[in-house]
Amino acid sequence: MINTHKPTKQVSLSDLQKDPLSVLRSGQGQAVAIIDNDKPAFYIVPPQMYQLLTILDMKQHALNKEKSSY
């Protein structure tokens, strides 16, 4: 089951192009959805969140590998 998280901040692609760092800061440590044609095109995340996501992904991969070895 995938746990989805709605970002608290949504910003247009054109706003991101104007000032990317300001958009990242506006998320206040959370993911920011970049909107194009009224739909999320992608998300930007601060470095700390990216590191946590990477660690969680590595742990999930290790658990899946452990389960498949039984």
* If each of Met49 and Ser69 carries a label point 7 Å out from its Cα toward its Cβ, how far apart are those two points in nm? -> 3.4
* Asked: Working out 0.36 nm times the residue gap between Gln28 and Ser14, then minus their Cα-Cα distance, what length gain in nm do you get to one decimal?
  -> 3.1 nm
* Quick one: accessible surface of Met49, probe radius 1.4 Å, all protein chains present, in square angstrom to the nearest 10. => 40
* Give the total of Lys-Lys pairs in the chain with Cα-Cα distances below 21 Å; include a pair only if its members are 8 or more places apart or on different chains. => 5
* Asked: What does the helix-only formula give at 222 nm for the chain: each DSSP H stretch with n ≥ 4 adding -39500 (n - 2.57), the total divided by the residues, and the result rounded to the nearest 500 deg cm²/dmol?
  -> -15500 deg cm²/dmol
* HN-Hα J in Hz across the range 30-43 - Karplus 6.51, -1.76, 1.60, θ = phi - 60°, x for Gly and Pro -> 10, 5, 10, 7, 9, 9, 9, 6, 6, 9, x, 8, 6, 10
* Translational D in µm²/s for the chain (Stokes-Einstein at 10 °C, 1.306 mPa s, Kirkwood Rh from C-alpha pairs) -> 116
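The values are calculated or read from the model by the stated rules, or taken from the named source; none is laboratory data. Predicted model, so just to flag it, every value in this text is computed and none were measured. Counting neighbours? That spans all protein chains shown, and the Cβs are built from the backbone with ideal geometry, glycine included. We work out accessible area using only protein heavy atoms, side chains counted, and drop any ligands, DNA or RNA first. Shrake-Rupley method; radii C 1.70, N 1.55, O 1.52, S 1.80 Å.
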